[in-house]
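Chemist: One structure follows; several queries about it will come next.
Derivation of every value follows stated rules applied to the coordinates shown; laboratory data play no part. No experiment lies behind these values; they were computed from the predicted model shown. Glycine gets a Cβ as well: all are built from the backbone with ideal geometry, and neighbour counts include every protein chain shown.
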């Protein structure tokens, strides 16, 4: 239960054992119902929505802390996770938000409580196969659920900006097979792949052009159809070629 | 002289006024004599070489702090500067290095001096036109000079790794015109551009292939030769097209 301490604000007011002024946030992308979604937390009794994040203990690597945090939320261990930006503007500092969260958890913080200080946050994005997530109540407790990118609630601090930059990074890397390969099941239809692209780009694509482009990249393998029942009418399934 | 405090270790032992556990380092690339070079600092009386870096004051943005630091070192204001990674492994923590530097500057730090703590560093790379740098003695004082990437001295902590990741990032972005455009004067020869590519990639390229590829990208403008003296024998000059 060592890690539980990170989610529990009832830790020492001087933050002993944690790096000061530094946090992380993760934008966890999943794909379902033809939509790109991310995981958001709602803090108890506050109505405040935020990206899953946390602090870094003095005895753990930054990347390791983020990976552990991600595992707690999703139950997944081996995930595509990439650091993309450290957000460090002064204007992201707003002690009142953290104060509200602490108060709602029964903690009345002193003005010099470490969590009321200014934080630079290192942002990561993760790509996960939506269907693989096994929500574990004790892990996803604090109301951690999926939200479509088109219907995000109001987020605390600069978390909306953090999401937007993650999406831009994803767009920038879209043609690396890693993106589709991590958001989809191992086998998928061309239509499903197109939906992933469309939801990341935020625009519809022509089916024929998309298919030609994808096949031209020579990163896909087309599988034989199974001849059972109506299977011959089913669309082809594809998977990404291993390098 | 407000900024001087950042370079001066004679600040309060508790680090008041600065973000804790957080630093920045910058890999400043320049190009001269056909070689890619970076700026390194040598700390007085220690023989320790390091990337130019610093700490962030509580009242300044992270990016702003780095920009200011860069200006101090190079005298340049409007520079291509990009954040690329936050290095946060525990193993980069080595209090003895900072202790040596403080001692060499006449400061005998207590064991709980804030500079002896663990730091996560946010790394940036900058591309500058070597010829534009006006070294100002008071700014480049602490022996801050150019070193060819092929002949780097031993660097403190994980600074070698930071340089390598910067170079990888540069390789990844090589075909964005921004790279050549910031490392070269406004007008340059095809040969000079090829040298930039070769030094970043660490390998020689075929002249004809390189030229064809560059012209095919349609990002270059070829200038008319000046008909004066032997100028007609001089190679064509190019510049990057403005978008």
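Chemist: Would you give the gap between the C-alpha center of the stretch A:16-59 and the C-alpha center of the stretch B:101-127, rounded to a whole Å?
Modeler: With the stretch A:16-59 and the stretch B:101-127 each reduced to a Cα centre, they are spaced 30 Å.
Chemist: Assuming R0 = 45 Å, what is the FRET efficiency of residue B:32 and residue A:198, from their Cβ-Cβ distance, to the nearest 0.05?
Modeler: 0.45
Chemist: Moving on to the next point. Per the Debye formula with a single identical scatterer at each Cα and no solvent contribution, what log10 I(q)/I(0) holds for the protein assembly as shown at q = 0.13 Å⁻¹?
Modeler: Each listed q maps to, in turn, -1.31.
Chemist: Compute the label zone of residue A:225 within the stretch A:183-218: residues whose backbone N is under 14 Å from the point 7 Å along Cα-to-Cβ.
Modeler: In the stretch A:183-218, the label zone of residue A:225 (backbone N under 14 Å from the point 7 Å along Cα→Cβ) covers A:190.
Chemist: While we're here: Give me a single rounded figure for B:61-70: the average over its residues of other chain Cβ atoms within 10 Å of their Cβ.
Modeler: The per-residue average across the peptide is 2.
Chemist: How long are the three semi-axes of the equivalent ellipsoid of chain B, in whole Å, if each is the root of 5 times an eigenvalue of the C-alpha gyration tensor, listed from largest down?
Modeler: 39, 17, 16
Chemist: Right, here's the next one. For labels at residue A:161 and residue A:131 in the simple 7 Å Cα→Cβ model, what's the distance in nm?
Modeler: About 3.9 nm, to one decimal.
Chemist: Provide B:74, A:169 in ascending order of the number of other Cβ atoms located within 10 Å of each residue's Cβ, fewest first.
Modeler: Ordered from fewest to most neighbouring Cβ atoms within 10 Å, B:74, A:169 come out as A:169, B:74.
Chemist: Calculate for chain A the 222 nm mean residue ellipticity that helices alone would give, adding -39,500 (n - 2.57) per DSSP H run of length 4 or more and normalising by residue count, nearest 500 deg cm²/dmol.
Modeler: Numbers: 7 runs with 69 residues, N = 243.
When only DSSP H runs of four or more count, the value is -8500 deg cm²/dmol.
Chemist: Taking other Cβ within 10 Å of each residue's Cβ, how do A:217, A:41 sort, fewest first?
Modeler: On the way: A:217 11, A:41 20.
Placing the least packed residue first, the sequence is A:217, A:41.
Chemist: Going by alpha carbons, how many degrees (0 to 90, nearest 10) lie between the helix axis of B:190-201 and the longest principal axis of chain B?
Modeler: Orientation of helix B:190-201: about 40 degrees from the principal axis.
Chemist: Across peptide B:18-25, how many C-beta atoms of other chains are within 10 Å of each residue C-beta, on average? Display every interim value, and only then the final one.
Modeler: Values: counts 1, 8, 7, 8, 9, 0, 2, 0.
Partner-chain Cβ atoms within 10 Å, mean over residues of B:18-25: 4.
Chemist: Here's something else I'd like to know. Which whole number gives the average count of other chain Cβ atoms within 10 Å of the Cβ atoms across peptide A:85-93?
Modeler: Taking the mean over all residues of the peptide, I get 6.
Chemist: Round to the nearest 10 and give me the degree value, 0 to 90, for the angle of helix A:207-216's Cα axis relative to the longest principal axis of chain A.
Modeler: With rounding to tens, the tilt is 90 degrees.
Chemist: Any idea what angle helix B:159-172 forms with the longest principal axis of chain B, computed on alpha-carbon atoms, 0 to 90 degrees, nearest 10?
Modeler: So the helix axis and the longest Cα principal axis differ by about 30 degrees.
Chemist: Figure the gain on full extension for residue A:78 and residue A:150 (residue separation times 0.36 nm, minus the Cα-Cα span) and round it to one decimal in nm.
Modeler: My answer for the length gained is 23.2 nm.
Chemist: Report the far tail of the P(r) of the stretch A:183-240, meaning the percent of Cα-Cα pairs longer than 18 Å.
Modeler: Details: 623 of 1653 pairs.
Value for the stretch A:183-240 (Cα pairs over 18 Å): 38 percent.
Chemist: How much length is gained if the chain between residue A:206 and residue A:95 is pulled fully straight, taking 0.36 nm per residue apart and subtracting their Cα-Cα distance, in nm to one decimal?
Modeler: 35.2 nm
Chemist: Computed over the Cα atoms of the stretch B:1-125, what is the convex hull's projected area averaged over all directions, in nm²?
Modeler: 8.5
Chemist: Sort B:58-67, A:186-195 by the packing proxy (mean of other Cβ within 10 Å over each peptide's residues), most packed first. Numbers along the way, then the final one.
Modeler: Working: B:58-67: 18.3, A:186-195: 16.6.
So the peptides B:58-67, A:186-195, ranked by packing, come out B:58-67, A:186-195.
Chemist: Given Cα pairs under 8 Å that are at least 6 residues apart, what percent is the relative contact order of chain B?
Modeler: It rounds to 24 percent for chain B.
Chemist: Please arrange B:207, B:92 by how many other C-beta atoms lie within 10 Å of their C-beta, fewest to most.
Modeler: Going from sparsest to densest Cβ surroundings: B:207, B:92.
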